[in-house]
Amino acid sequence: MIRNIITLTLNDLAIAFKNKTIFLIIFIPLFVFFSLKLVDRSATDVKKITIGLIQSEAYAPVILHTITSAGNIFTVSRVSGEEEGKRWLREKKIDGLLVRSEQDTGSVALVVLKKESLQTLSIVESFSALQRGTEGKSINWISGITPIQQGGIQKQTLPTWILMVVLLVGFIIMPAQVAEEKEKKLLLALLQTPMREIEWLGAKVLSGMTLILTAVLFLHLLGQFNPGNIPGYGAFIVVGSFCFSSYGILLGFLCRNQASARTLGILFYLPHLLPSALSDFSQKLTMVAPLLPSYQLYEPIKAILLDEGRLSNLSLEWFYLLAVGLVTLLFSYMLMKKRWLM
Amino acid sequence: MQIKIENITRIYTESRGLQPVSFTVEKGELIAVIGHNGAGKSTLLKIMAGWLLPDSGTVTVDGINLKNRLAVVKKVGFVPETPNLFEFFSVEYNLKLFAHLFHVPFVRIEEILREFNLLPFRNSKVQDLSKGLRQRVSIGRTLLADPPLLLFDEPTSGLDFEMTNEVYRMIRDFHGAGKTILFTSHRSEEIKTLATRVIMLHQGHMVFDGSPQDYFQSDLYEKLSI
């Protein structure tokens, strides 16, 4: 059984090389790498800032008064404590959280999601302007900025690129490869041998996972990104690649030929990619995106890469991805047994 | 070896498909399955090869139901009308892959390459070969596990005169070696030259089962002119 799986996996990888799939795998990380070098940092319109204040915190009266009076710049939200405030930051309910500075009672410390972001810049600029208008001096009310998510802008966009690579293999490459084998009756030829259906499926999943893992590794090597919590990160990349390889195989089984598989793949690719990747920028998408398996991969990867998340806190997402992978694999097995659209 | 086909059906539309068909194949027979396009010939062979699942009925090979694929897969070899090979790869690679999966030693590949005059093409990509050569590779691949039952779907379709004769020779050789063979055809000279038995399908129904001599003397031959 293992010998057959290895033989079929090597055969699938050889096909990936022959039909130029492998060039796609190399091209995407290169594209990502050069795109990251050219990230546009220009400012866009800045909306009203929602600032979080801790209810029990004794802020300097002048700061408190100024913020609450500046209704055209700030919307104030009260949180029960620092932990709740940080959670609200992650959920994008607030743009920044003010905590009392330990060094100076006359100033505050600002907690933000990302240090290098438009929101942070906007908060700091607004505070400076208000301070100059109120006190006319230049001692900063904000004594320090603490980001929740670590890393520069390149690292902060990394989860999106990784999601893109995983979904590309899962929804574009895998369905087309399965549909091609069906269309050219190659799968039927393989089923004329003592190979078990589950061996073929296992080999297909393994080849999909290999392509994904290669692309992710290549991306990390090129960008010199250190994932930090390697076991947790690896566990999510492995389960994510398993989940979306299986998902892609199922899509391939639903199509008679490559052309329809590509179309169906794109139909699944974009709705999985965009809501997850754009959830950082939109409250509405943050509410909808958790319904997608792609978000259950994206959020943990983001948490591990940027927020020092741990696998133990993310086990629900990990098992969710595993379950989606197993269920889609089971459906593929049933369709294969029925010789569906072969 | 005995193959029993009992009431198998596979309906596509009202007028297309395979209506209940039953017959038995004994060891060493060389059967031509004939009929016009859409008569159900290929459907019958594909069901026997396990490519298609019948809507109803059973196929047994030496008493084992075809549903038990792993138990019968080495007993049945199917050569489709269009060779289904990994075209990116060489002839040798294609044979090696299937030798791996059939668990047959690589020495068998050399035998096949020699037997089918494929030695000069062992490193050629399948996509660069002529249809006749591809058909030879396809037949060679089927023979890797040396199955006692061979099914050929339109084995000479699209081949030139020389290659057609080559395929006839091969089929006769396989038959001489004791293999049981079924092939689909709508060429009368093929039936005359090769078959020891004729099964005729018309609009999914089996309308004749007998010797080639009886077939060519029957009204059906006059009426359906195959």
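The values are calculated or read from the model by the stated rules, or taken from the named source; none is laboratory data. Everything quoted here is computed from the prediction, not taken from an experiment. FYI the Cβ positions are ideal-geometry reconstructions off the backbone, even for glycines, and counts take in every protein chain you see. Ligands, DNA and RNA are stripped out before the accessible areas are found, and what is left, the full protein with its side chains, is counted by its heavy atoms. Shrake-Rupley method; radii C 1.70, N 1.55, O 1.52, S 1.80 Å.
Amide H neighbours of B:Ser22 under 5 Å, at least 5 residues apart or on other chains, H built in the peptide plane: list them.
So B:Ser22 has HN proximity to B:Asn7.
Excluding B:Gln217 itself, calculate the net charge of residues whose Cβ lies under 14 Å from the Cβ of B:Gln217, where each Lys or Arg counts +1 and each Asp or Glu counts -1.
Result for the local shell: -1.
From the phi of every residue in the stretch A:78-95, what ³J(HN,Hα) in whole Hz does the Karplus formula 6.51 cos²θ - 1.76 cosθ + 1.60 yield, where θ is phi - 60° and glycine or proline is x?
Values, residue by residue: 9, 10, 6, x, 5, 5, 5, x, 5, 5, 5, 4, 4, 7, 6, 7, 10, 8 Hz.
For the stretch B:151-226, report the accessible area per residue in Å² (1.4 Å probe, heavy atoms, rounded to an integer). Spell out each step's value before the answer.
Values: 3500 Å² over 76 residues.
Here the per-residue accessible area is 46 Å².
Can you pull the percent of chain A's accessible area that's carbon plus sulfur, 1.4 Å probe, other chains left in place? Present the calculation step by step, with values, prior to reporting the outcome.
Working: 10070 of 15790 Å².
It is 64 percent, rounded to a whole number.
Among bridges DSSP assigns within the stretch A:45-147, what percent are antiparallel (round to 5)? Display every interim value, and only then the final one.
On the way: 4 of 18 bridges.
For the stretch A:45-147, the DSSP antiparallel bridge percentage is about 20.
Positive end of the charge dipole of chain A (Lys, Arg +1 and Asp, Glu -1 on Cβ, about the Cα centre): tell me which of A:Thr193, A:Thr146, A:Ile28 has its Cα farthest that way.
Most positive-ward Cα: A:Thr193.
Show me the helices of chain B, taken as full DSSP H stretches, that run 15 Å or more along their long axis by Cα and average -1.0 or above in Kyte-Doolittle hydropathy.
Helix filter hits for chain B: B:91-102, B:131-143, B:161-176.
Just to be sure I understand: of the beta bridges DSSP finds with both ends in the protein assembly as shown, what percent are antiparallel, rounded to 5? Display every interim value, and only then the final one.
Working: 24 of 56 bridges.
In the protein assembly as shown, approximately 45 percent of DSSP beta bridges are antiparallel ones.
Counting heavy atoms of the protein chains only and a 1.4 Å probe, report the per residue accessible area for chain A as a whole number of Å².
46
Enter the buried accessible area of the A/B pair, total of both sides, probe 1.4 Å, in Å² rounded to the nearest 100.
Using a 1.4 Å probe on protein heavy atoms, the buried area is about 2500 Å².
Starting from the 7 Å offset along Cα-to-Cβ, what nm value, one decimal, do you get for the label separation of B:Phe106 and A:Ser143?
Distance between label points: 7.4 nm.
Of the lysine pairs in the stretch B:82-226, how many meet both conditions: Cα atoms under 28 Å apart, and a spacing of 8 or more in sequence or different chains?
Pairs that pass both the separation and distance tests number 7.
Please express the Cα-Cα pair-distance distribution P(r) of the stretch A:153-337 as a list of whole percents, one per 10 Å bin, running from 0 to the bin with the greatest distance.
In whole percents, the pair-distance histogram is 10, 37, 34, 15, 4, 0.
With a point put 7 Å past each Cα toward its Cβ, work out how far B:Lys131 is from A:Ile266 in nm, to one decimal.
For the pair B:Lys131/A:Ile266, the computed spacing is 3.3 nm.
Averaged across A:184-191, how many Cβ atoms of other chains sit within 10 Å of each residue's Cβ atom? Before the final figure, lay out each step's value.
Details: counts 6, 6, 4, 1, 8, 14, 5, 5.
Across A:184-191, the average partner-chain Cβ count within 10 Å equals 6.
Enumerate the residues in the stretch B:14-28 having an amide nitrogen under 19 Å from the point lying 7 Å beyond the Cα of B:Gln203 toward its Cβ.
Counting only backbone N, you get B:14-22.
Work out the FRET efficiency for A:Leu291 and B:Thr196 from their Cβ-Cβ distance, taking R0 = 56 Å, and round it to the nearest 0.05.
For R0 = 56 Å, the calculated efficiency reads 0.30.
Return the FRET efficiency for the residue pair A:Leu274, A:Thr68: r is the Cβ-Cβ distance, R0 is 30 Å, and the value is rounded to the nearest 0.05. Don't skip to the answer; put the middle values down first.
Details: r = 38 Å, r/R0 = 1.25.
The pair A:Leu274/A:Thr68 has a calculated efficiency of 0.20.
Mind checking B:99-108 for the average number of partner chain beta-carbons within 10 Å of each residue's beta-carbon?
3
Scan around B:Glu29 for amide H atoms under 5 Å from its own, H built in the peptide plane at 1.01 Å from N, and keep only partners 5 or more places away or cross-chain.
Residues meeting the amide H criterion: B:Ile181.
What number does the protein assembly as shown give for Rg over Rh if you use C-alpha atoms and the Kirkwood radius?
1.19
Output wanted: per-residue J couplings in Hz (rounded whole) for the stretch A:303-312, from phi through Karplus 6.51 cos²θ - 1.76 cosθ + 1.60, θ = phi - 60°, x for Gly and Pro.
Using θ = phi - 60°, the values come out as 5, 6, 6, 10, 10, 6, x, 10, 4, 4 Hz.
Quick check: residue separation of A:Leu121 and A:Glu91 times 0.36 nm, minus the Cα distance between them. What number comes out in nm?
Values: separation 30, 0.36 × 30 = 10.80 nm, distance 1.94 nm.
In short, 8.9 nm is gained.
Where both residues lie in chain B, what percent of DSSP beta bridges are antiparallel, nearest 5?
Values: 20 of 37 bridges.
Antiparallel bridges make up about 55 percent of those DSSP assigns within chain B.
To the nearest 10 Å², what's B:Val79's accessible area with a 1.4 Å probe?
Spelled out: B:Val79, probe radius 1.4 Å, area about 0 Å².
Given R₀ = 41 Å, FRET efficiency for A:Val238-B:Arg172 by Cβ-Cβ distance, to 0.05?
Plugging the Cβ-Cβ distance into 1/(1 + (r/R0)^6) gives 0.15.
How many nm separate the modelled label positions at B:Arg122 and B:Gln2, each set 7 Å beyond the Cα in the direction of the Cβ?
Label-label distance for B:Arg122 and B:Gln2, simple model: 4.3 nm.
Calculate for the protein assembly as shown the 222 nm mean residue ellipticity that helices alone would give, adding -39,500 (n - 2.57) per DSSP H run of length 4 or more and normalising by residue count, nearest 500 deg cm²/dmol.
It comes out at -16500 deg cm²/dmol, rounded to the nearest 500.
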